Amino acid sequence: MSDLATSPAAVPGRAHSPVGDTLVMIRRAVRLSRRNIDALLTAVLLPAMIMLLFVYLFGGAIRTSTEYVNYALPGVLVLCTGFVSAQTAVAVTQDLQEGIVDRFRSMDIGGAAILAGHVAASVVRTVWAGVVMLAVALLIGFRPDANAFEWLAALGIVQLFVLAVSWLAAVFGLLSRTPEGANGFAFFLMFLPYPSSAFVPIETMPGWLRPIAEHQPVTPVIETLRGLLIGMPGTDRAGVAVLWCTGIVLAAVAVAAVLFRRRTS
Amino acid sequence: MTTDLAIEVAGLRKSFGELSVLSGVEFGVARGSVFALLGPNGSGKTTTVRILATLIRADAGHARIDGLDLVRDRHRVRRRISLTGQYAAIDGLQTGEENLRMMARLCGLRGGWARQRAAELLERFDLTGAGNRLVRTYSGGMRRRLDLAASLVGQPSVIFLDEPTTGLDVRSRQAMWEVVTSLTDSGVTVFLTTQYLEEADRLADRVAVLDGGRVLAEGTADELKERVAGQLLDLVTVDSAAFAAVTRALGDRAVALDRAALSVAVPTDGTAAHVRTLLDELDPGRQLLRRFSIRTATLDDAFIALTGHTATTPQPEKESARV
């Protein structure tokens, strides 16, 4: 066709690449997330509050084999990073609702880039939440017993968990019609760690609950963290934890791809 | 041939479940022109735009943009179009400049180029002073301007504007109209939807009237007006009984019924003889009519004559025109 030569799309330096698009989307989502003051405060304050709540209010009544702050930290870490990553659902729903996704799609930007942006922002947010939490924990007596390798491994496991929750949250965001609805996912995530070994030893739970608590995905993550950070037994469950998280990431990415297509056509 | 048409649409159909939204839409849009799709809420305007902007697929029919098939060549189509929807698709938590720079990057412009393009567009849309403010502090009119600026970043050849002035105050609407007019100076094709007849009249080279999922008429605003008549005789009746009698006598000829104002219009050629004949026929006893005036038909009149109801609210008493 002759009109190709005069194509007005011939912008200097034009190069449309999925990787480039994803990087732009990541920058966007991180920036939006940083400027969302409410969410940011929640991400930073909530972990500190929960930490203090468990250690000073409940800690005295719960008997564990180690100082309670040491026992509870992995659970609080998982609860809070889970809660913070679950806010990905709200960001995804908002994007769909505000029509910016339509514009991106009409510019040939794929759903993968848009969702990956939000997931990346979630990872950044949880790093902040994690830093604050560790600082508070150290102040109130948390004494980790981990070498550099164990710290790195712990960080890796937390990030894998954050990825799993964030992608799951993206799926939930694609299913929700309103940001308020999407927020419900964060509450679900908030309660998921309770029936696990996060705050009380599983042996103290009623018999019917124990198998659930034992086998739900949060438990191996927490036990692995405990093993790595304070040297309690649990590192043997690292494989299960990694399998759970990787499985959830893969499944959620696949479901998100299908849902994105369905939601936007 | 295909080269002078920027948009060609034939036999477009779309249903959502049981609900048929488009039932065989056809039209063509000349390159470099402004085309308005005029219709009331729910007539299928937005669905048509979403199909043409490659966001959804039609169930049947085909459409081409710059000669490229919407489905087969959709990636190439997407590089030539831009979409500005009913709701501003920009981030409230980014500044105007950041929004534009992001769009520029997504269009493949590198750092310095992206910055330059953003600055150019801020300047052109009179937003330079607000460029470093968060968009959520913008007024409705500024938001729309930025939204339109964002859609121009990639230098599209076809621009879709879905109800570009809905919800804007009079001054912002005027400003928006000026912007749209200036777009065609640079040779782009503008496809806009609107429920405001005045807007279509002001901006569009050609207008298509969409109602109930089909194009009822297409032509220049003047051609559409002439379909009703060059002139209209406006009649104001004395009371509601007189209004009923006159509209009954007029039957199908009645154009702009307004029960509240007790007024109705009837096409005329404007000659004294014809007006006299009409008045005598409708009001032989000289009791029913209070006042009359002659005016040139508006697009409003054409719209009502074509669809059987007004552009904004359907009129319950006259629903025969839907075929």
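The values are calculated or read from the model by the stated rules, or taken from the named source; none is laboratory data. What you see is a predicted model, and the numbers here were worked out from it, not measured in a lab. Cβ sites come from the backbone with ideal geometry, for glycine too, and all protein chains shown count toward neighbours. Just so you know, the surface numbers come from the protein's heavy atoms only, side chains and all, with ligands and any DNA or RNA stripped out. Shrake-Rupley method; radii C 1.70, N 1.55, O 1.52, S 1.80 Å.
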- Within a Cβ distance under 12 Å of B:Leu282, other residues only, what is the Lys/Arg minus Asp/Glu net charge? +1
- Query: On the accessible surface of region B:4-145, probed at 1.4 Å, how many percent belong to carbon and sulfur atoms?
  - Reply: 48
- Query: Does any residue of region A:92-141 lose at least 20 Å² of accessible area with all protein chains in place compared with its chain alone, and if so which ones (probe 1.4 Å)?
  - Reply: A:Glu98, A:Ile100, A:Asp102, A:Arg103, A:Phe104, A:Arg105, A:Ser106, A:Met107, A:Asp108
- Contour minus Cα-Cα span, A:Gln216 to A:Thr264, at 0.36 nm per residue, comes to 14.0 nm
- Query: Under the Karplus relation 6.51 cos²θ - 1.76 cosθ + 1.60, θ = phi - 60°, what is the ordered set of whole-Hz ³J(HN,Hα) values for region A:58-67, x standing for Gly and Pro?
  - Reply: 8, x, x, 8, 9, 9, 10, 7, 9, 3
- Quick calc, the protein assembly as shown, dipole around Cα centre from Cβ unit charges on Lys, Arg (+) and Asp, Glu (-), nearest 20 debye, gives 1180
- Computed over chain B: longest principal axis from alpha-carbon atoms vs helix B:272-282 long axis, angle to nearest 10 degrees, is 70
- Note on the structure: Residues whose modelled amide H sits under 5 Å from the amide H of B:Arg290, counting only those 5 or more places away in sequence or on another chain, are B:Val236, B:Thr237, B:Val238
- Hey, what's chain B come to in accessible area per residue, 1.4 Å probe, Å²? 44
- Angstrom value of the Kirkwood radius, inverse mean 1/r, which spans all Cα pairs in chain A: 19.7
- Item | Amide proton proximity set for B:Arg31, modelled H, under 5 Å, gap of 5+ | B:Leu5, B:Ala6
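If Lys and Arg each add +1 and Asp and Glu each add -1, what is the summed charge of the other residues whose beta carbon sits under 10 Å from the beta carbon of B:Gly32?
-2
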- Query: Over the heavy atoms of A:Ile37, what accessible area does a 1.4 Å probe trace out, to the nearest 10 Å²?
  - Reply: 100
- 3J(HN,Hα) from dihedral phi, region A:30-39, Karplus parametrisation 6.51/-1.76/1.60, rounded to Hz, x for glycine, proline: 5, 5, 4, 5, 5, 8, 7, 4, 4, 5
- Rounded to the nearest 500 deg cm²/dmol, what is the calculated helix-only ellipticity per residue at 222 nm for chain B, with -39500 (n - 2.57) per DSSP H run of length n ≥ 4? -10500 deg cm²/dmol
- Query: If one takes the accessible area of chain A alone plus chain B alone and subtracts that of the pair, with a 1.4 Å probe, what total in Å², rounded to the nearest 100, results?
  - Reply: 3500
- Please compute the net charge surrounding A:Asn183, taking Lys and Arg as +1 and Asp and Glu as -1 over other residues with Cβ under 14 Å from its Cβ. -1
- Task: Calculate how many DSSP beta bridges within chain B are antiparallel, expressed in % of all such bridges and rounded to the nearest 5.
- Result: 65
- Message: Which residues, if any, in region B:54-75 lose at least 30 square angstrom of accessible heavy-atom surface (probe 1.4 Å) when the other protein chains sit next to their chain rather than the chain being alone?
- Response: B:Leu55
- Sites A:Leu41 and A:Thr178 - FRET efficiency at Förster radius 35 Å, r taken between beta-carbons, to 0.05: 0.95
- Query: What FRET efficiency would be calculated for the residue pair A:Ala61, B:Ser139, taking the C-beta separation as r and a Förster radius of 35 Å, to the nearest 0.05?
  - Reply: 0.05
- Task: Calculate, for region A:125-262, the solvent-accessible area per residue in square angstrom, rolling a 1.4 angstrom probe over the heavy atoms of the protein chains.
- Result: 48
- Query: Which far-off residues, 5 or more places away or on another chain, put their amide H under 5 Å from the one on B:Gly24, with H placed in the peptide plane?
  - Reply: B:Leu12, B:Arg13, B:Lys14
- Note on the structure: Rounded to a whole %, the carbon-and-sulfur portion of the accessible area of region B:231-296 at a 1.4 Å probe is 52
- In region A:220-265, what residues drop by 20 Å² or more in accessible surface going from the chain by itself to the full protein assembly, probe 1.4 Å? A:Ser265
- Message: Using each residue's phi in region A:195-207, evaluate 6.51 cos²θ - 1.76 cosθ + 1.60 at θ = phi - 60° and report the 3J(HN,Hα) Karplus result to the nearest Hz, with x for Gly and Pro.
- Response: x, 7, 7, 4, 10, 10, x, 4, 4, 7, 8, x, x
- To the nearest 20 debye, what is the magnitude of the charge dipole of region A:18-264 about its Cα centre, counting +1 on the Cβ of each Lys and Arg and -1 on the Cβ of each Asp and Glu? 540
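Please give the charge dipole size of region B:231-296, origin at the Cα centre, charges +1 on K and R Cβ atoms and -1 on D and E Cβ atoms. Round to the nearest 20 debye.
Computed charge dipole of region B:231-296: roughly 120 debye.
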- Note on the structure: Dipole check, chain B, charges on Cβ (K,R +1; D,E -1), about Cα centroid: among B:Gly39, B:Val21, B:Gly285 the Cα furthest to the positive pole belongs to B:Val21
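For chain A, what does the helix formula give at 222 nm: sum of -39500 (n - 2.57) over DSSP H segments with n ≥ 4, over the residue count, nearest 500 deg cm²/dmol?
Taking each H run of at least 4 residues, the total per residue is -23500 deg cm²/dmol.
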- Mind ranking A:201-208, B:72-79, B:18-25 by how tightly packed they are, going by the mean number of other C-beta atoms within 10 angstrom, highest first? B:72-79, B:18-25, A:201-208
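Antiparallel versus total DSSP beta bridges in the protein assembly as shown: what percent is that, nearest 5?
Antiparallel bridges make up about 65 percent of those DSSP assigns within the protein assembly as shown.
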- Query: Of all the accessible heavy-atom surface of chain A, with the other protein chains kept in place and a 1.4 Å probe, what percent is carbon and sulfur?
  - Reply: 70
- Note on the structure: Checked against the positive end of the charge dipole of chain B (+1 on Cβ of Lys and Arg, -1 on Cβ of Asp and Glu, about the Cα centre), the farthest of B:Ile294, B:Gly251, B:His75 is B:His75
- Message: Using the basic label-point model (7 angstrom from Cα toward the beta carbon), what is the A:Trp208 to A:Ala254 distance in nanometres?
- Response: 3.3
